[in-house]
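Read the figures in this text as sums done on the coordinates, not as results from a lab. Note that this is a predicted model, so its numbers are computed, not measured. Cβ placement follows ideal geometry from the backbone for every residue including glycine, while neighbour counts extend to all protein chains displayed.
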């Protein structure tokens, strides 16, 4: 049995990193958002993921963010930290340099840019699993990385590495995801990496989601996932269709630009990103605001 895999069923939220206009991290807003999603019923939080703009955050800032998140969350729900990259030895060094007290897991993205072979991807994650003192969740998102963890490689890692407890699947490839769901060990988690297809993936047997939408609407998104996991798809569908247009609009002009626009409108933080990311264009901003109106009632 894999240790801790039950902690990560249901709704995880890929939390944003709020910035001030100066570019500094806005810890006051970060605290508000952390408490907002916890009180909204999410199952766990992921910091320093794609939505957290981890690629633009320095090592010193990452340390400060992790320490702050650990203190504010205070073990109310599990915390996952994004630690990944395309240089295996650097990822291992980052793991060794992290204080894991208060951290329940690692989310590690498929190596990007260098386009490794599947054997390289396997060896990369096997090395990370051996170095990690907490459970590891794989993350495949070929639309961002130009590399993909194939179903065969995912299953090989699931069977060979007890410390790899699941995968965040954002390939959008249903055939690939179905192969993992069909052949995985019974205690290996499959989490949706795309909010819009979370409901059908749970219907096929997935265990939950790591969500962007839940930054803004944790109550609604968490309830949809809970209902779906309980087999109440009729009620889950109602929430899914209530949220789906808003969810899709979040990704029209880049993410996390969309969710930051929404959170600004909800007065949780300023709409500031770090280059090369910029806020969504005015048309998309207006569309997001319009789609939020019925959700705020």
* Structure fact -> Relative contact order of segment 1-89 (C-alpha contacts under 8 Å, at least 6 apart) in percent is 34 percent
* Asked: So, by mean Cβ neighbours within 10 angstrom, what's the order for 155-166, 250-261 with the highest one leading?
  -> 250-261, 155-166
* Asked: Which whole-number percentage describes the relative contact order of segment 5-241, with Cα contacts under 8 Å and a sequence gap of 6 or more?
  -> 21 percent
* Listed peptides 276-284, 171-179 by packing density, highest first (mean Cβ within 10 Å) -> 171-179, 276-284
* Asked: Regarding the chain, what is the average projected area of its C-alpha convex hull, in nm²?
  -> 14.0 nm²
* Asked: Taking N as the number of residues in segment 231-297, what is its Cα Rg relative to 2.2 N^0.38 Å?
  -> 1.22
* **P(r), alpha carbons of segment 71-187 - 5 Å bins starting at zero, rounded %** => 2, 12, 23, 24, 19, 12, 6, 2, 0
* Summing -39500 (n - 2.57) over the DSSP H runs of n ≥ 4 in the chain and dividing by its residue number, what mean residue ellipticity at 222 nm do you reach, to the nearest 500 deg cm²/dmol? -> -13000 deg cm²/dmol
* Asked: In what order do 224, 292 fall by count of nearby beta-carbon atoms within 10 Å, going from fewest to most?
  -> 292, 224
* To do: Note the full-extension length gain between residue 277 and residue 162 as 0.36 nm times their separation in residues minus their Cα-Cα distance, in nm to one decimal.
  => 37.7 nm
* Measuring from label point to label point, each 7 Å out along Cα→Cβ, what is the residue 35 to residue 118 span in nm? -> 4.9 nm
* Structure fact -> Dividing the mean separation of Cα pairs under 8 Å (6+ apart) by the residue count of segment 237-286 yields a relative contact order in percent of 30 percent
* Mean projection of the alpha-carbon convex hull of segment 16-106 over all orientations, in nm²? -> 5.8 nm²
* **Overall Cα dimensions of segment 148-229, principal axis frame, Å, largest first** => 37, 23, 19
